[in-house]
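Here is the structure we will look at, set down as structure tokens.
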Amino acid sequence: MERSNVTFVVEFILQGFSDLPNFRRLLFGIFLVIYMNILIGNGLLIVVTKINPALQTPMYFFLGNFSFLEICYTSVTLPKMLTDLWTQKGNIPFLSCAFQTCFLYILGVAECLLLAVMAYDRYVAICKPLYYPIIMNHKVCVQLVIASWITGIPVLIGLTYQIFSLNFCGSNKLNHIFCDAPPLLEVACGDTYQKELSVHVAALFFVMIPFLLILISYVKIITTILKLPSTSGKSKAFSTCSSHLMVVGLFYGSGSIVYLRPKSSHSAKSDKVFSLFYTIVTPMFNPIIYSLRNKDVIAALKKLLPK
């Protein structure tokens, strides 16, 4: 490639919802309400899991950390999206785009790993109840949470560096709602096969391995539950896992479609929709799912909130 074709990009333009100019204000209102619900809903879950004595168990310790992670994860993309909708501009400096991508990946991987840790917690509670207090002691719980947060950091910083060390040519417009690998690779110069391969390998490693661990945990959990003699025991055991399974399904389903499907089947519109699912919809439904399907959380919220 001739060097004259290479552009030194100082900023990108996120096109976002530019194809829906008449709905910008409506979308701004919808996403603002969603963001407030995410902050308030997950914030309440953090508070009740910290101050309520009945919720001082490993399951709720992980849930409180997961809620905090959801707030951080959403805050990487949604405030910028709201600003772009309000100002009708999508400009984002090169370095800010790199930071957004890096933090999005770090927090996304932390979410995958923490979901796997929560599945392991349910496995120990149901399959090895007598050893549960010993295996899932507070020190182990803290170590598992810290490991979930930091495990992917070196690899994901390296992956982000690889993507942003590319030369970008032609248009600096990204047909997406936030900075992400697929739209960035589309505007990069030359052969991007190796970088695309790196993204897919990282996704397979950090997304599919935790998913397989979750799957193995639940195969063992279901096998154990089916062996329980009483119907009420089976129902109670299933109810403690259903909320977690719903969150896993929402997050993994949309995330896998975006990052693991073949490039030939990608389209900008579908990528935006599925990206909204794993960055916004899942964090919004997390407190709703855990509140509506958990009697302990409902009781704690009733004590906390005024009648």
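Computed values, structure above
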read-out: Meets criteria (open to solvent by 20 Å² or more (accessible area, probe 1.4 Å) and in a helix (DSSP H, G or I)) for Ser217; value: no
read-out: Some residue of region 147-157 being open to solvent by less than 10 Å² (accessible area, probe 1.4 Å) and over 18 Å from Tyr60 (Cα atoms); value: yes
read-out: Test for Val187: is it surrounded by fewer than 16 Cβ atoms within 10 Å (Cβ to Cβ) and of a type in the set (A, V, I, L, M); value: no
read-out: Near pairs, Cβ below 9 angstrom, 6+ apart or cross-chain, from region 20-35 (of a type in the set (Lys, Arg)) to any residue that is open to solvent by 80 Å² or more (accessible area, probe 1.4 Å) and part of a helix (DSSP H, G or I); value: Arg24/Trp86; Arg25/Trp86
read-out: Long-range neighbours under 8 Å by Cβ, at least six apart or interchain, first residue under 15 Å from Cys102 (Cβ atoms) within region 155-176, second open to solvent by 60 Å² or more (accessible area, probe 1.4 Å) and small (Gly, Ala, Ser); value: none
read-out: Residue that is out of contact with any His (no Cβ under 8 Å at 6 or more places or on another chain), open to solvent by 10 Å² or more (accessible area, probe 1.4 Å), polar (S, T, N, Q) and farther than 30 Å from Tyr132 by Cβ, where the choices are Asn91, Asn65; value: Asn91
read-out: Residue that is surrounded by the most Cβ atoms within 10 Å (Cβ to Cβ), among those in region 48-60 that are in contact with a helix residue (DSSP H, G or I) (Cβ under 7 Å, 6 or more places away or on another chain) and assigned to a helix (DSSP H, G or I); value: Val48
read-out: Tally of residues being out of contact with any helix residue (DSSP H, G or I) (no Cβ under 8 Å at 6 or more places or on another chain) and assigned to a loop (DSSP other than H, G, I, E, B) across region 6-45; value: 5
read-out: Conditions (1) at pLDDT 85 or above; (2) at positive phi; (3) not aromatic (Phe, Trp, Tyr); number of the one not met by Gly170; value: (1)
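The values are calculated or read from the model by the stated rules, or taken from the named source; none is laboratory data. All values reported here derive from a predicted model rather than from experimental measurement. Ideal geometry is used to build each Cβ from the backbone, glycine not excepted, and the neighbour counts take in all protein chains shown. Heavy atoms of the whole protein, side chains included, go into the accessibility calculation; ligands, DNA and RNA do not. Shrake-Rupley method; radii C 1.70, N 1.55, O 1.52, S 1.80 Å.
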